[in-house]
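Below: the structure, in structure tokens.
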Amino acid sequence: MRNDYFLAIDLKSFYAAVECIDRGLDMFSSPLVVCDETRGEGTIVLAVSPCLRALGVPSRLRKFELPRLPNIIFAKPRMGRYLEVSAMFNSLLLNYVGEDDLHIYSVDECFLNVGPYLKMYNMSADELAEVILQDIKRTLGLVATAGIGPNMFLAKVAMDIDAKHQANNIAHWTYDDVPTKLWPITPLSKLWGIAKGYERKLNNLGLLSIGDIATYPKVRLKELFGVMGEELWEHANGIDDTDIRDKYIPTSTSISQGQTLFRNYNKSEAKLLLREMNDDLARRLRAREQVATGVSVQIVYADRTLKSDTVQVNLTRPSKHNNELYEALVTLYEQKAKNLPIRGVHISYFGLQEDNYYQIDFFNDVDEQIIELNLYATLDHIQAKYGLNAVMRSTALIGHSNSIKRHNEIGGHAR
């Protein structure tokens, strides 16, 4: 085996930690939750402080599931602030490795390839990890955990499973640790990459621990689960040949946008949301210099016993045109949406292609089509420069519109 060393680093209770630091609170003794309590009892709690985690409160739950403690501190989510601190975290890591050896996994988690740097620093991987974690604490005030391994997978699992139990928050796994530390893991969903659905399917095969997967025939797993089955077997045996320097460039053929509503909307009110989301999604499509060949709509009802309605259609020609995309979406919506209280609307464009040419529609006025495209190009430029609320439809002022509010949010939460 190669003498490789990878670090997986995670910022502990990131959102809650940032809120505690900004308030001058100790996150290990302050019962803080990141949650917009004005949204009602059903709103999602995004994070809880280690103080509450020690009491058995999970990191993801709804407000009504919180323990009835008199001193809970509610912090309204500030996504802009979290992204700002995340950027500082990433910048700090680049003090230790080159950009090619840093992989940003999420807002609070990264992988580093430190093997090529150990000789230069005259340190072991464990020593360098400790220096980095101390720097994070000193510079940002954040507590981090780290996993070290000969590949990215083992580093990640060492961090997830073992690091939090170590006095210095660092766990180092080698290939020799696979039988004694990786194989005993159960339930299977504790392992990175195994969702509850896969866990049930694997359990039905009699595979209850990671060691069971490791000794199960690889060929059979591939027959049952395809490429995912092959990857499961390799990971169960500690094998991962991912090259951190091979940066993944998404080849997504769809983009989507959706809203989970905090009250019941009727069919007419939800139709306005469809228009607003289409304007936002069409702007994103043009920014990507792409066109869509199809659209889809999903309607989620307040009555959770009802299955959500999802329908899609291929367009007569590839388009990036607001009105053309909206007409296709609203036709689907009118055909499918039931006259019942609605609690969620989601739209997507699929079959994305590069915007290399404009296909003329001879059934409509060509000059009007070009004028309208130029109009939206101008609006795109204004909104990119001055903000999404710089120019808006008059319907944004209607009471059940969410446009202005959503444009002031990141990921559905306050900036």
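One line per residue, one yes/no per condition, for (1) open to solvent by less than 40 Å² (accessible area, probe 1.4 Å); (2) under 30 Å from Val297 (Cβ atoms); (3) of a type in the set (Phe, Trp, Tyr):
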position	(1), (2), (3)
His165	no, no, no
Val178	yes, no, no
Leu188	yes, no, no
Gly193	no, no, no
Lys218	no, no, no
Met228	no, yes, no
Item to check | Pair list, Cβ under 6 Å, 6 or more apart: the range 331-344 residue within 17 Å of Gln259 (Cβ to Cβ), other residue open to solvent by 10 Å² or more (accessible area, probe 1.4 Å) and in a helix (DSSP H, G or I) | outcome: Ala337/Lys267
Checklist entry - Mind checking which residues of the range 303-317 are over 19 Å from Gln257 (Cα atoms) and not β-branched (Val, Ile, Thr)? => result Asp303, Arg304, Leu306, Lys307, Arg317
Checklist entry - Got at least one residue in the range 140-155 being of a type outside the set (A, V, I, L, M, F, W, C) and part of a helix (DSSP H, G or I)? => result no
Next on the checklist: What are the pairs with Cβ atoms under 9 angstrom where one residue, in the range 170-183, is without any contact (Cβ under 8 Å) to a residue 40 or more places away in the chain and within 10 Å of Gly149 (Cα to Cα) and the other, located anywhere, is open to solvent by 60 Å² or more (accessible area, probe 1.4 Å) and in a strand (DSSP E or B)? Sequence gap at least six, or different chains.
Outcome noted: none
Checklist outcome for this item: If you go through Val313, Val391, Val345, the only one that is more than 30 Å from Gly42 (Cα to Cα), modelled with pLDDT of 90 or more and not in a helix (DSSP H, G or I) is Val313
Next on the checklist: Can you report the number of residues in the range 184-221 which are in a helix (DSSP H, G or I), within 22 Å of Asn151 (Cα to Cα) and either of a type in the set (Lys, Arg) or without any contact (Cβ under 8 Å) to a residue 24 or more places away in the chain (or both)?
Outcome noted: 4
Checklist entry - So, in the range 66-85, of the ones that are in contact with a helix residue (DSSP H, G or I) (Cβ under 7 Å, 6 or more places away or on another chain) and of a type in the set (A, V, I, L, M), which residue ends up nearest to Gly56 (Cα to Cα)? => result Ala75
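The values are calculated or read from the model by the stated rules, or taken from the named source; none is laboratory data. Bear in mind the structure is a predicted one, so any value in this text is a computation, not a measurement. So basically every Cβ, Gly included, is an ideal-geometry build from the backbone, and we count neighbours across all protein chains shown. We work out accessible area using only protein heavy atoms, side chains counted, and drop any ligands, DNA or RNA first. Shrake-Rupley method; radii C 1.70, N 1.55, O 1.52, S 1.80 Å.
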